[in-house]
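Peer 1: Structure in structure tokens, see below.
Derivation of every value follows stated rules applied to the coordinates shown; laboratory data play no part. Model, not experiment: these values are computed from the prediction. So basically every Cβ, Gly included, is an ideal-geometry build from the backbone, and we count neighbours across all protein chains shown.
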Ligand code: T4K
């Protein structure tokens, strides 16, 4: 779409790459994480109602409706809307009484580790399973010390952790388990919606997520007492007018955000259908390119397909992941290196654990190989065909590209 309207090149015509001196394939940048909007008119109607009610925050009509709709979609007793997933993680961690050390993957967005560190709890990084990109349960046990209180798994790309194996380790060592499900809203695992695993699961509705509330998040749990603590904590500990019974913070979602969430929920199936179609287009077009392997989704489960992620095997493809990213960016395809660098290579963890990479070989390897492609409602099959042609041409002309990059 972009190249037709804005005068870029057509699919199949990109054997002359921008990195080698041609015009970029896309005049405007194609982003990973372009927000899905849904029915704008319906959002504005809700916004007008919010103005009319003069009720902008503190558990308003839209927030309550958003909570009800999430609860029924996920089949959970509570799904508490929050201001963003980072504060939702912080609140859930505190409500679950995590202390000392907590085992987390390093192959995640840094917010997972920060939510612990912010509360002076030490994130202990565990390696991931190269097949799932999620926490490797077989590597958890060796990291447990007398100070360990819990495990936080991350359902990376919406693909579930091995929750059964994690529960098993946790049970044997008396640890509590929660999940960072920032990527996994509307996904299922073993036929059950994500939101029901561990004691709590945290979703993100950041602008870049397939369902967004501009900024937002939620914690799902089936535990009434935990839910009650989290509700108090997200509202300064207020248990009624002028009555504070707990230490708290401000984790509340506002009404405009909830209105955006409701508008997104109205179109949820369309967003997923578009993501799935995009994923299929990438899968078919990339399948025959040597050295490129797309992260697969289990089609027997529910999935939001919001991330199209591939691994680049540099020896086979001819270029490294970073070189391919440079090629794509020259074409205005702003592919991202999620997650790079891994959390253990960011501060303050890098200074705390200078030798962590020795314990995290799979994380290190993945961080050098993964790449996320643009998807969502902002791009279409023709854009994807063009992007995949760029990748194929990059493979075909790898030697020339490498020489050009080295000469820079
Ligand atoms: N846990 C995990 C596993 C997570 O992935 C995240 C967030 C969290 C926890 C924390 O959730 P929140 O507290 O954010 O709710 C982005 C997002 O900001 C972040 O939410 C997300 N994960 C992470 C994977 O990606 P950046 O630093 O890469 O964002 P940025 O600004 O570079 O934007 C990404 C792309 O999206 C760019 O190409 C531009 C485009 N974009 C972005 C925004 C904000 C748009 O087109 N429109 C927009 O409004 O972190």
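Peer 1: Kindly indicate whether any position in the stretch 123-145 is closer than 28 Å to residue 250 by Cα, buried (at least 23 other Cβ atoms within 10 Å of the Cβ) and within 16 Å of the ligand (Cβ to nearest atom). Please lay out each step first, then the result.
Peer 2: Pass one, the stretch 123-145, residues closer than 28 Å to residue 250 by Cα: 123-124.
Still in the list and also buried (at least 23 other Cβ atoms within 10 Å of the Cβ): 123-124.
Remaining after also requiring within 16 Å of the ligand (Cβ to nearest atom): 123.
Yes, some residue in the stretch 123-145 is closer than 28 Å to residue 250 by Cα, buried (at least 23 other Cβ atoms within 10 Å of the Cβ) and within 16 Å of the ligand (Cβ to nearest atom).
Peer 1: Here's a check for you: in the stretch 171-191, which residue that is touching a helix residue (DSSP H, G or I) at 6+ places or on another chain (Cβ under 9 Å) and more than 19 Å from residue 123 (Cβ to Cβ) is nearest to the ligand (Cβ to nearest atom)?
Peer 2: Step by step, filter the stretch 171-191, then rank; the result is 184.
Peer 1: I'd like the full set of residues that are in contact with a strand residue (DSSP E or B) (Cβ under 9 Å, 6 or more places away or on another chain) and not in a helix (DSSP H, G or I), limited to the stretch 271-288.
Peer 2: 287, the sole residue that qualifies.
Peer 1: Quickly run through the stretch 32-84 and pick out the residues that are closer than 17 Å to residue 200 by Cβ, within 16 Å of the ligand (Cβ to nearest atom) and part of a helix (DSSP H, G or I).
Peer 2: 70
Peer 1: Here's something else I'd like to know. Among the residues of the stretch 97-110, is any part of a helix (DSSP H, G or I) and surrounded by fewer than 24 Cβ atoms within 10 Å (Cβ to Cβ)?
Peer 2: No, every residue in the stretch 97-110 fails to be part of a helix (DSSP H, G or I) and surrounded by fewer than 24 Cβ atoms within 10 Å (Cβ to Cβ).
Peer 1: Just the residues that are part of a loop (DSSP other than H, G, I, E, B), in contact with a strand residue (DSSP E or B) (Cβ under 8 Å, 6 or more places away or on another chain) and within 16 Å of the ligand (Cβ to nearest atom), please, taken from the stretch 214-248.
Peer 2: Across the stretch 214-248, the qualifying residues are 216, 234.
Peer 1: Quick check, is residue 311 in a helix (DSSP H, G or I), in contact with a helix residue (DSSP H, G or I) (Cβ under 8 Å, 6 or more places away or on another chain) and touching a residue at least 24 places away in the same chain (Cβ under 8 Å)?
Peer 2: Answer is no for this residue.
Peer 1: Looking at the stretch 319-326, can you tell me whether even one residue there is surrounded by fewer than 20 Cβ atoms within 10 Å (Cβ to Cβ) and under 17 Å from residue 154 (Cβ atoms)?
Peer 2: no
Peer 1: Further question: Within the stretch 94-105, work out how many residues are within 21 Å of the chain's Cα centre (by Cα) and away from the ligand (no atom under 12 Å from the Cβ).
Peer 2: 2
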